[in-house]
Each structure stands twice: as structure tokens, then as C-alpha cells.
1. Check G48, G35 and return the single one that is over 16 Å from H72 (Cβ atoms), of a type outside the set (K, R), modelled with pLDDT of 95 or more and out of contact with any helix residue (DSSP H, G or I) (no Cβ under 6 Å at 6 or more places or on another chain).
2. Taking interchain pairs and intrachain pairs at least six residues apart, which have beta carbon atoms under 6 angstrom, with the first residue in segment 78-91 and free of Cβ contacts under 8 Å to residues at least 12 places away in the same chain and the second of a type outside the set (D, E, K, R) and open to solvent by less than 70 Å² (accessible area, probe 1.4 Å)?
3. Taking into account only those residues within segment 15-31 that are in contact with a strand residue (DSSP E or B) (Cβ under 6 Å, 6 or more places away or on another chain) and modelled with pLDDT under 95, which is least open to solvent (accessible area, probe 1.4 Å)?
4. Where in segment 30-95 are there helices (runs of 4 or more DSSP H), lying wholly inside it, with at least 3 residues that are basic (K, R)?
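The values are calculated or read from the model by the stated rules, or taken from the named source; none is laboratory data. Just so you know, these numbers come straight off a predicted model, no measurement behind them. Note that each Cβ is placed from the backbone with ideal geometry, even for glycine, and that neighbours are counted across all protein chains shown. Just the protein is used for accessible areas: all its heavy atoms, side chains included, with ligands, DNA and RNA removed. Shrake-Rupley method; radii C 1.70, N 1.55, O 1.52, S 1.80 Å.
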Amino acid sequence: MKGVTSMSSLPEELRGLFGKHKLQLGIGDLAKVTGVSQSKIRYWEQKGYIQSTQNDEGQNHKYSLMMLGKVHLIRHYLDEGFTLTMAVKKADRHK
């Protein structure tokens, strides 16, 4: 099928996540899988471009599979030469 990615073409780190019961990532795993630095992820969250979940005060932030996709899309559009603001808008439209 055109446009469908097989599991074998996904990065090994990402393939391993699909076997876990909770598809939530810590910032380190999100950075590793997407290739986006932790500092950029924190900045994007501070600006409201992405969101994390945090159950208890002081607990590490966790990112959903949906946020993983959004971070990946933002990075893709940045790599294509778009500004951060435009990359976020394009990623939001891609939902």
C-alpha cells in the first residue's frame, strides 16, 4: 500500500514501544526516537506546541504516542526548511 510504513522500516527504538502496554514515553525516549534534543522538546512544550501528561506534582513528564507523531512531524517540516511556527501549524493540520 502506498504511504504505509512497515514495522521493519521504523527505528528499532520505536518498534520496541509497540510491545509495551502503556504507549507513553519519557523525554529521553522521545528524544531518542525522534532525534529531537530534550532541550528542544522542553522548549516546544513551554511554548505550548506539544503537551505532556504529569500525574503527580514533580513526576516526570510523559508523552503520548500522538505527541511522538507530532514531534516527528514538526522535525520533518523543520528539516524541509519551514520555520518552527509554520512547522507546528502544518503538523497540527496533519492530524
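1. Only one candidate qualifies: G48.
2. Partner pairs satisfying both residue conditions: L78/A87.
3. L25
4. Correct list: 84-93.
Yes/no per residue for (1) within 13 Å of the chain's Cα centre (by Cα); (2) under 18 Å from L23 (Cβ atoms); (3) open to solvent by 70 Å² or more (accessible area, probe 1.4 Å):
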residue	(1), (2), (3)
G35	yes, no, no
K40	yes, no, yes
W44	yes, no, no
Q51	yes, yes, yes
S64	yes, yes, no
M67	yes, yes, no
I74	yes, no, no
L78	no, no, no
T83	no, no, yes
